[in-house]
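Scroll down for the structure; my scribbles are underneath it.
The values are calculated or read from the model by the stated rules, or taken from the named source; none is laboratory data. Predicted model, so just to flag it, every value in this text is computed and none were measured. Glycine gets a Cβ as well: all are built from the backbone with ideal geometry, and neighbour counts include every protein chain shown.
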Amino acid sequence: MTGILVLQSLISGLMIGAIYGLLGVGFSLVWGAMKVINIAHAAFAVLGAYLAYALLKMFGLDPVLGFFVILPFLFFGGMVLYRYLIFPVMRARDIVVSSMVLTFGCAIIIENLISLIGSPDPRVFTTRYTGKALFLGPFAFQLPQTVGALMALGGMAVLYIFLKKTHTGKALRASWQQPEAARLYGINLKRISMIAFGLAVASAGLGGIAMGFVYSFDPHTHNLWLIYIFLVVILGGVGNVLGTALAGLLIGLLNGLSLAFFPYQWVNVITFGVLILILLVRPSGLFASEV
Amino acid sequence: MKGFKAAGILALGMAMILMGSGLSVAAKPILIGGSLPLTGKFAETAKWIERGYRYWAEEINKKGGLLGRPVKLIIYDDESNASKAVTYAEKAITVDKVDLLFGGYPGTAARAVMPVAEKYKKVYVSMGGHMKSFSQGYTYSFGGPPLMGEWWYLGFIDWMKTIPEKDRPKRAAVYTMNNPIGASLLDSMKAMEKELGIKIVINEKYNLPLPDATPLIMKAKQMKCDILFSNGFFADGVMTMRAAKALNYNPKAIVQGVGSVIPAWTKELGKDGDYVFSGTALHNKLKFPGNKKLNEVVKKRWGLPAYPVYFGFGYCWMQTLQQGVEGAKSLDQTKIRDWLKSHEVHTIAGNFKFDKRGLPKPYNYLTQVIDGKVELIWPLSVRTHDPVYPKPHWK
Amino acid sequence: MLRVSDLSVSHGHLMALRNLDFHVSEGELVTFIGSNGAGKSTLLNTLSGLVSPQAGSIRFEDREIVGMTPEQICGLGIIQVPEGRKLFARMTVLENLEMGAYLSAARRQFSRQLEVVFDKFPRLKDRKNQIAGTMSGGEQQMLAIARAMVALPKLLMLDEPSLGLSPLMAEEIYEVIQDLNGDGMTILLVSQEVHVALSMADRGYVLENGVISREGEGKSLLEDPAIRASYLGI
C-alpha cells in the first residue's frame with residue numbers, strides 16, 4: 001500500500017463514518033432521554049431511503065431535495081408513533097425491554113410493508129453525479145459518497161445546534177435531565193418527547209438517504225445498519241450527540257485504517273477488536289453518557 | 001324419503017362439479033413438501049422459486065398429474081434460517097408424511113437438509129451447497145442442476161481460450177467477498193493462471209459490507225490490472241462498478257460474481273452495468289424445450305420480459321424430480337434415485353447425466369450484460385449475442 | 001390568594017394528606033412545618049399539579065385549579081422550587097434560567113427578569129456560562145430560586161431550601177427568602193428547620209401524618225409548648 005492509498009482508505013472510512021454517526025445520533029438521544037431502545041430506527045432509515053428512491057424514480061427528484069419532501073412525513077410519523085405506541089408503554093416497569101419488543105415489531109412491519117408495496121429487490125440511487133468523482137491531487141472523492149457524507153455532517157450539525165441553541169431544543173435537554181422540574185416550569189413532557197421522537201425518526205431518514213448514496217439497500221438492510229448504530233452509540237456514550245458523532249467518525253477511521261494496512265478481510269476483526277479494547281478500558285464508552 | 005333422495009342427488013352433483021376439471025377424486029394426491037425462505041433476507045429469490053414450483057404443479061395437474069395422481073405442495077416458510085429449514089424438512093417427512101421432498105434455498109439451507117434427506121432416504125433435488133455438499137457421500141441428493149461456485153467461471157475460461165493470446169488480459173485484480181460463496185468463486189479461478197496465462201496480481205478478500213470500493217479500484221489502476229474480478233454480491237458489485245466508472249478505470253474486462261445475474265443489476269445500474277461478464281447454470285434464453293413457454297407464462301402473469309433465473313431453477317428441479325418418478329414408475333425413493341443415476345434427464349437448463357455424487361458434468365454458461373440484457377456468450381451452441389470485448393471505455 | 005379546602009391526597013392505599021384546610025393571603029409568608037414524611041412535599045406537588053388530589057378544592061385567585069396540568073398551573077404563577085433543587089445539572093446557569101421562563105408569557109419578560117435576578121444574585125451573573133451541576137450547593141440553591149423567579153411567580157413555593165447546605169449558606173438563603181417577601185412576594189415555605197421558618201413566617205401550619213395539627217401566627221407557634229417539645233427539642 002502506498003501512502004496515497006492509505007490516505008484514500010482513510011477518506012473512505014471517514015465518509016462512511018460520518019453517516020454512521022448521524023444514524024447513531026437519533027438512536028442515542030431516544031435511548032438516553034426516554035430509555036427507549038428503538039429497534040426500528042434503522043428500518044426508518046431504510047424507509048427514508050426507499051421514499052427518496054421513489055421520488056427520484058417518479059419525479060426525477062434528487063434524493064437530497066427529496067429529503068425535504070420526506071422530512072415532514074417522517075417527523076409527523078415519528079410523533080404519531082410515539083403518541084400512540086411508545087407513550088402508552090412509557091409507564092411499563094421495564095421500559096427498555098418493552099420498548100425493544102414494541103419497536104422490533106415496528107421494524108418487522110416496516111420491512112414487510114416496503115416489501116409489499118415496493119418489492120424486495122435491492123435498490124441504488126442513480127443521480128446525475130453517480131459514477132463521477134472529484135479529484136483533489138491524487139485523491140478521488142466519489143461524488144455520491146461525498147454528498148452522503150456532507151448530508152450526514154449537515155444533519156448532525158443541525159441536530160446539535162437545535163439541541164444547544166433553540167428554546168425547544170433546550171427544553172428537550174431539560175426534560176431529559178430533570179423531568180419533574182421541567183414539568184414544574186411548564187414543559188409538557190409528552191409533547192416534547194413527541195417532538196424528540198419525530199426528530200429522531202427524521203434524522204434516521206436522512207441517515208438512510210445518506211447511506212443510499214453509498215450502499216444499495218433492500219427491505220432487509222436495516223438489520224445490518226442497526227449493528228453499526230449500536231456500535232456507534234455504545235462507543236459514543238448513550239445520549240451524547242457529540243460523542244456519537246465522533247464515535248461514528250472513529251469507527252469509519254478504524255474501518256479505513258484496517259482497509260489500508262491489513263488485508264481487506266481483516267477489517268471487521270480489527271474494527272471490533274479495537275472496540276472491545278476500548279470498552280474494556282472505558283466500559284461506558286469513550287465519552288460520558290449525556291443528554 | 002323424497003327429501004333424502006333430493007339431497008343425495010345434490011351431493012352427487014356437487015361431487016361431480018368438484019371432479020369437473022378431470023381430477024379423479026379417488027386418487028390421493030402426491031404430497032411434495034419442504035421449506036423455502038419466504039420471509040427474511042432470501043425472500044426475494046425464494047418467492048420466484050416458489051412460483052416455479054407452483055407453476056410446475058399446476059401444469060402437471062392439468063395434464064393429469066404425476067403417475068396419474070394430482071400433486072399437492074406443502075411449502076413451509078423457514079424465515080431464511082437454515083436450521084429451521086432442517087426442522088421443516090423433518091416435519092414434512094415425519095408428520096406430513098410427504099411422498100417427495102422439494103429443494104430448499106439458499107445453498108446453506110440445501111446443504112443442511114441434504115443429510116436429513118439421506119437419513120430418511122428421500123430423493124432431494126436442489127441447487128446444493130457448492131462442491132463441499134456433494135462430496136459428503138450422500139446418495140439421495142441431486143444437483144439438478146446445482147449452483148456451483150467452483151464451476152462459475154468455466155464458461156469464461158473456455159471462451160477466453162478462443163481469444164488470441166496477445167489480446168487477452170495479462171494482469172488480474174481479484175477482489176472476493178469473505179464468505180463461502182466468495183471462497184467457492186475463488187476455487188473456480190484456479191485454472192485461470194494455468195490455462196489462460198493471466199497473472200493474478202491482486203488477490204484480496206473483503207468483508208461485507210464493503211465500506212467503499214474507491215481504494216480497491218485505485219489499487220487495481222495503480223497496479224495496471226487489465227481485468228477485474230469482482231467476486232461479490234449485488235451491493236458490493238454495484239459499489240465496485242461505480243467506483244470503476246468514477247475513477248475512469250478501464251480494464252479489458254470486468255467479471256462479476258453473482259450480483260449481476262439478478263434483474264436489479266440492469267434495472268438499477270442501467271448502462272453502467274453493461275458489458276459485465278458472469279456465469280449461470282440456467283438462463284431463459286437457452287434453446288432447450290420449455291424455456292419459451294415459461295417465458296410466455298411469466299410475461300403474462302407477472303409482466304416480465306422473460307423468466308427470472310430462480311423461477312427457472314424451481315421449475316427445473318421439479319422437472320428432474322418428475323422424470324425420476326416417472327422413470328421409476330414409483331414413489332419408491334431408492335428406485336427413483338437409481339433411475340436418476342442411470343438415465344439422462346432433459347430439462348430447461350440442459351440434458352444431464354448424474355454421477356455418483358449426484359452432479360452433472362461440470363458446466364457453466366458465460367453471460368454478458370449487453371444493452372441492459374443478460375446475453376449468453378458461451379458455449380457457442382447457446383450463444384444469443386456476440387461478446388463485447390474489450391470493454392468499451394466509460395463515457 | 002390561595003384557599004385550600006378539604007384536600008385529601010392518597011398514594012395508592014395510603015392516605016398522604018387528609019382534609020387539609022388552609023389559605024395563603026397575598027404578600028404573606030406562610031410556612032408548613034413537620035417531620036420527614038409528614039406530607040409536605042406531597043402538598044406542594046399537589047398544588048403544582050404533579051399529583052392529583054382525591055378530594056377537595058384548591059382555589060387560586062378565585063379559580064379552581066384542581067384538574068389543571070402543571071403547565072397551566074405554572075402559567076397562573078404558582079411556582080415551586082422543588083426539594084433538592086432539581087436543577088438541569090448539565091446545562092449552564094443561563095440555560096437553567098431560560099428554562100425557568102419556558103412558557104411564553106415569562107419568555108417575553110425574560111430579559112427584564114434576568115436583570116432583576118442578576119441584581120439579586122450577582123454571583124449567578126458572573127457564572128452564567130458555568131454548568132449548573134458544577135457549582136456549590138449554595139449557589140445551586142440560589143440558581144433554583146432564580147429559576148423560579150424568572151417564571152413570574154405570584155405564589156412562590158419553596159421545598160426545604162436549606163437542605164444540605166452549610167449553616168452559613170442556609171442563613172444566606174433564608175435572608176434571600178425574607179428579602180423577597182419584603183419586596184411583596186407571596187411565599188409558601190416548607191421546612192424542617194422549624195425555628196427559622198416559624199420566626200420568619202407570618203403564619204404557620206404544623207403537618208403531622210398528613211393532617212394539620214396546629215396553626216397560628218409564626219411567633220405564637222414558636223412559643224407553643226407542644227411544638228417546642230416535639231420540634232425544637234426544648
Looking only at the range A:14-61, count how many residues are part of a helix (DSSP H, G or I) and at pLDDT below 90. 3
Report whether or not A:Ala182 is crowded, with 24+ Cβ neighbours inside 10 Å, touching a residue at least 60 places away in the same chain (Cβ under 8 Å) and part of a helix (DSSP H, G or I). no
Which ones in the range B:376-393 are farther than 18 Å from B:Trp151 by Cα and surrounded by 15 or more Cβ atoms within 10 Å (Cβ to Cβ)? B:Arg383, B:Thr384, B:His385, B:Pro387, B:Val388, B:Tyr389, B:Pro390, B:Lys391
Quick check on the range B:240-257: of everything there that is facing chain A (nearest Cβ under 7 Å) and within 14 Å of B:Gly273 (Cα to Cα), which residue is surrounded by the most Cβ atoms within 10 Å (Cβ to Cβ)? B:Arg242
Residue that is nearest to the other protein chains (Cβ to nearest Cβ), among those in the range B:197-239 that are of a type in the set (Gly, Ala, Ser) and surrounded by fewer than 24 Cβ atoms within 10 Å (Cβ to Cβ): B:Ala235
If you take the residues in the range C:8-54 that are part of a strand (DSSP E or B) and touching an Asp or Glu at 6+ places or on another chain (Cβ under 6 Å), which one is surrounded by the fewest Cβ atoms within 10 Å (Cβ to Cβ)? C:Asn19
From the list B:Gly324, B:Gly358, exactly one residue is out of contact with any His (no Cβ under 8 Å at 6 or more places or on another chain) and outside the structural domain of B:Glu58 (by TED's automatic domain parsing). Which is it? B:Gly358
Please state which one of B:Thr139, B:Thr87 is among the polar types (S, T, N, Q), under 25 Å from B:Thr39 (Cβ atoms) and not assigned by TED's automatic domain parsing to the domain that holds B:Lys224. B:Thr87
Since B:Lys329 meets every condition but one in (1) surrounded by 16 or more Cβ atoms within 10 Å (Cβ to Cβ); (2) at positive phi, which condition does it not meet? (1)
Have a look at A:Val241, A:Val214 and point out the one that is within 14 Å of chain C (Cβ to nearest Cβ) and crowded, with 24+ Cβ neighbours inside 10 Å. A:Val241
Which is touching a Ser or Thr at 6+ places or on another chain (Cβ under 7 Å) and modelled with pLDDT under 95, of B:Glu79, B:Glu44? B:Glu79
Can you tell me which residues in the range A:87-124 are at the interface with chain B (Cβ under 9 Å from one of its Cβ atoms), more than 18 Å from B:Ile217 (Cβ to Cβ) and in a loop (DSSP other than H, G, I, E, B)? A:Ser119, A:Pro120, A:Asp121, A:Pro122
Residue that is more than 20 Å from C:Phe32 (Cβ to Cβ) and of a type in the set (A, V, I, L, M), where the choices are C:Val196, C:Val150, C:Val190, C:Val206: C:Val150
Which number in (1) facing chain B (nearest Cβ under 10 Å); (2) more than 20 Å from the chain's Cα centre (by Cα); (3) not hydroxyl-bearing (Ser, Thr, Tyr) marks the one condition that A:Arg282 misses? (1)
Within the range C:81-117, take every residue that is out of contact with any Phe, Trp or Tyr (no Cβ under 9 Å at 6 or more places or on another chain) and of a type in the set (Asp, Glu) and give me the one that is nearest to the other protein chains (Cβ to nearest Cβ). C:Glu83
Considering only residues that are free of Cβ contacts under 8 Å to residues at least 40 places away in the same chain and either farther than 12 Å from C:Ser52 by Cα or within 10 Å of chain A (Cβ to nearest Cβ) (or both), which ones fall in the range C:64-75? C:Glu64, C:Thr69, C:Pro70, C:Glu71, C:Gln72, C:Ile73, C:Gly75
Working carefully through the options A:Gly252, A:Gly243, find the one that is assigned to a helix (DSSP H, G or I), within 19 Å of A:Ile37 (Cα to Cα) and within 17 Å of the chain's Cα centre (by Cα). A:Gly243
Give the residues of the range B:32-42 that are within 10 Å of chain A (Cβ to nearest Cβ) and surrounded by fewer than 22 Cβ atoms within 10 Å (Cβ to Cβ), sorted by residue number. B:Thr39, B:Gly40, B:Lys41
When the residues of the range C:151-169 are narrowed to those that are at pLDDT 90 or above and not hydrophobic (A, V, I, L, M, F, W, C), which ends up surrounded by the fewest Cβ atoms within 10 Å (Cβ to Cβ)? C:Pro167
Which ones in the range C:186-199 are surrounded by fewer than 19 Cβ atoms within 10 Å (Cβ to Cβ) and touching a residue at least 40 places away in the same chain (Cβ under 8 Å)? C:Gln192
Based on what the data block shows, is C:Gln80 among the polar types (S, T, N, Q), within 23 Å of C:Ile177 (Cα to Cα), crowded, with 21+ Cβ neighbours inside 10 Å and in contact (Cβ under 8 Å) with a residue 40 or more places away in the chain? yes
Residues in the range B:258-280: is at least one without any contact (Cβ under 8 Å) to a residue 12 or more places away in the chain and within 12 Å of another protein chain (Cβ to nearest Cβ)? yes
Residue among C:Ile78, C:Ile58 that is facing another protein chain (nearest Cβ under 10 Å), over 21 Å from C:Arg214 (Cβ atoms), at pLDDT 95 or above and within 17 Å of the chain's Cα centre (by Cα): C:Ile78
If you take the residues in the range C:94-113 that are in a helix (DSSP H, G or I) and within 20 Å of the chain's Cα centre (by Cα), which one is surrounded by the fewest Cβ atoms within 10 Å (Cβ to Cβ)? C:Gln113
Can we say B:Thr280 is farther than 17 Å from B:Leu366 by Cα, in contact with a strand residue (DSSP E or B) (Cβ under 7 Å, 6 or more places away or on another chain) and not basic (Lys, Arg)? no
Among the residues of the range A:219-237, is there at least one that is of a type in the set (Ser, Thr, Tyr), surrounded by 23 or more Cβ atoms within 10 Å (Cβ to Cβ) and within 14 Å of chain C (Cβ to nearest Cβ)? no
Would you say B:Met189 is at the interface with chain A (Cβ under 8 Å from one of its Cβ atoms) and buried (at least 21 other Cβ atoms within 10 Å of the Cβ)? no
